[in-house]
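Read-outs throughout are calculated quantities, based only on the coordinates presented, and are distinct from any laboratory measurement. Because the structure is predicted, anything quoted here is derived from the model rather than measured. Positions of Cβ are backbone-derived with ideal geometry, glycine not excepted, and every protein chain shown enters the neighbour counts.
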Amino acid sequence: MNNVETFDCNFNLSIVDITKPPYNADNTGKKDCTAILNKILDDILQANIDGISAAKKKLEEYPKPDYNLSFEIRKEKEALYVIFPEDLEPTKIIYFPNGTYLVSDTITYSHRNLMNIFADEYKYELNRQIHFRGENRDSVIIKLKDNCPGFSYGSQKPVINFMNGDESNVAMSNTIENMTIDTGNGNSGAVGLVFFANNSGTIRNIRIVSEDLSGYAGIEIKSEFVSGCYANGIEIMGFDYGIRLLPLRNYVTFENVFLENQRKYGIYVKDTIVSILNYQSHNKCPALRSAGQAAHIVLLNGVFWGGNPRLSGIEHDLGTIFLRNIHSEGYLRTLYSKPTLFFEDVNDIDEYSSDGIWSTFEQRQYKSLSLPIKSAPDEEAYSRTVYSDAYGTAADGVQNDTSAIQAAVNSGADCIVFQPGTYLINDSIFIPETVRKIDFSYCNFISGKDIEQRENAGIFVVAGEGERPLFLENVFAWEKMYGRFRFIHHASRRTLVLRNIHTQTCAMYFNSVSGGIVFVENCACTVGDEMYRDIPCFCFSGQKVWMRNVNPERASVEILNDHSTVWILGFKTEGTGTSFKTINGGKTEVLGGIISLGHNEMRPAVINDNSDVTVIASTNGLAMSHTYPVAVMEVQGNEKRVLAEEVFPLRIMKNYKIPLYVSRTVLQDGL
């Protein structure tokens, strides 16, 4: 491509280049960077502490005992609920230019008052909006000193740690990408990365290595209530455990994982719900172990080689497991399932569901829908990048930025980069075919009064029919963007990629033109109060859709499939609504995730209305009443049948697992 402009992060004000003032971190591998990196984290997270204090003061000063400052900031009978700050400080991305960064202790925040307020009590960790971004995976190295004090055998101490507290459900939009973590030599207690996120969060393109093959774990996820963790492009070498997953309540999603030279287990799952796609294991130890009764695992496309002929490739001790397209070499057997006393000595497993298969109609063949799996297209180089402030945006949450943003997208540039801040939008913004990418830099949006109650409107309208795909990514829109509109209106057949988009109080997507292709990766949305619950978080009409790690909440129907083909790997829904509704001959395949916090109402968790559906999922709640009595309602012709909660295996309390539900049409077709 002629006249290609290199993206210069220095013009993006969200970028904190750690090698430049005021931090001046050394990237030669000669000076210890621990204190500098921890100070950067503390500086960025201080905004959450200040925001909680400011909102608390407002509530305290309000003279009446009941007052709603926002959806999640309120006073009830004098008790304070300050779940989030009222306003967001501009997002900062901690950027590592190529080089080696020497550390001698855990990279983490030091705040001990980083918590929100729930009924006057300090409750959940506010470790959110933490973004680590390297320039290049192989050229950015976080290097732990050899024989480092505190990292000896038994310490289980992380090099990078996203969670210092016990639990959280508000740690949204955490990311780490494009770097290598090297735990060095003589650090047998080292853990490369302890990650945590809620609703939206990613680990992308990360390599973790123990130089002397003696580390404890590459990646650990261990705190409640982790959710919205999407890891894609992971390489781990030389630990006891490649990946160790412990939490009980929620879920994580992994894709494109390569593990080598582990000693105990490639992936160890205690009680977590996990979906894994494309897993390669070159290990003598078992590639996967399911160890806890509450574990619920989906594994698709696994290749394991170099195994020990006395061991099994997969050890299923407890929990529920679904396998599809698994190949192993060198092991005694591919799978040994202790709960069912089932073992598979052949190298290949086509499909296996440990806890059975459910359908509302008796049929002759049982098997998952097995829709084709596709990944988002690769990005190509961009010829011209422009920044939003060059066209007059203020990003202060006060000035109406609609016209300025429209001018930026109409500029002819194919890459638009937003500066950090809060943008007031009062009308739809139409994206022409000349634009191929908008990087919102995790900015915030506020909806104006004119657009707030507009039906079937979108903040951003994909209008151009361009042959090249459009990438929209990196949004963190908070509680002052709400209404009857949707964030994205897909008004063309152009291929669309939505990545790292979090809208806290408005629905995410609908389309008015059918025949398009949509990829959704690490996207979360929550509709506002009761007056907006009738708006689905995602509504696909006549589309082909691939979704990875999605978190829609609080709508009457979270994901509506109207004669579309929708494939989902990893999800969390939350509230009393139906998680998935498929109508008019649509095809929906859901491969692992969690249906959370039902209220014991009779609304079905899954509705299949004359369509083809496969669902693997678990329910979750914090009390005995947090359940979904009707798991599935299926309508075929004029006949309606249901699968109730009591037919499924229990997970914890009254929560249950759906090991594999398949619809009538799938069974008849023998797919």
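Structural remarks
- Within the chain, the longest run free of trypsin sites (Lys or Arg not before Pro) that sit in a DSSP loop with at most 10 other Cβ atoms within 10 Å is 365-671.
- Around the amide H of THR588, modelled in the peptide plane, lie the amide H atoms of VAL566, ASP612, VAL613, THR614, all under 5 Å away and 5 or more residues distant in sequence or on another chain.
- Residue among ILE451, ALA287, TYR482 farthest towards the positive dipole end of the chain, charges placed on Cβ: ALA287
- Bridgeable lysines around LYS145 (alpha carbons under 22 Å apart, same-chain partners fewer than 8 residues away excluded): LYS30, LYS31, LYS39, LYS157.
- Note on LEU341, LEU332: ascending count of other Cβ atoms within 10 Å places them as LEU341, LEU332, the fewest first.
- Only Lys, Arg (+1) and Asp, Glu (-1) charged, at Cβ; the range 500-611 dipole about Cα centre in debye: 260 debye
- Peptide packing for 520-526, 212-218 was compared via the average number of neighbouring C-beta atoms within 10 Å per residue; ordered from the highest value, the list is 520-526, 212-218.
- The loop-placed chymotrypsin sites (Phe, Trp or Tyr not before Pro) in the range 133-207, going by DSSP, that have at most 16 neighbouring Cβ atoms within 10 Å of their Cβ come out as TYR153.
- The structure shown yields Cα extents along the principal axes in Å, and of the options (1) 89, 65, 62; (2) 99, 79, 41; (3) 68, 65, 63 that calculated value carries the label (3).
- Taking the DSSP beta bridges with both ends in the range 1-145, the antiparallel portion is around 45 percent.
- Applying the criteria of a DSSP loop state and at most 15 other Cβ atoms within 10 Å to the GluC sites (Glu not before Pro) of the range 591-639 yields GLU601.
- Between the amide H of THR495 and those of LEU470, ILE517, distances stay under 5 Å, these residues lying 5 or more places away or on another chain, with hydrogens modeled in the peptide plane.
- Using just its DSSP H runs of length 4 or more, each adding -39500 (n - 2.57), the chain gives a mean residue ellipticity at 222 nm of -2000 deg cm²/dmol after division by all residues.
- Residue exposure proxy: VAL252, VAL159, VAL557, VAL461, ordered by other Cβ atoms within 10 angstrom of their Cβ from fewest to most, comes out as VAL461, VAL557, VAL159, VAL252.
- For the range 7-96, applying the loop criterion from DSSP together with a ceiling of 12 other beta carbons within 10 Å to the GluC sites (Glu not before Pro) yields GLU78.
- Remark: the range 484-495, residue by residue, has Karplus-estimated 3J(HN,Hα) of 8, 6, 10, 5, 10, 10, 8, 10, 7, 9, 5, 4 Hz, where x stands for each Gly or Pro and the curve is 6.51 cos²θ - 1.76 cosθ + 1.60 at θ = phi - 60°.
- Each DSSP beta bridge with both residues in the chain is either parallel or antiparallel, and the antiparallel ones are about 15%.
- For the range 314-465, share of DSSP beta bridges that run antiparallel, in % to the nearest 5: 30 percent
- Fewest-first sequence of SER337, SER618 by Cβ atoms within 10 Å of each Cβ: SER337, SER618
- Whether the range 112-204 is rounded, prolate or oblate, judged on the alpha carbon gyration tensor where a/c under 1.5 counts as rounded: oblate
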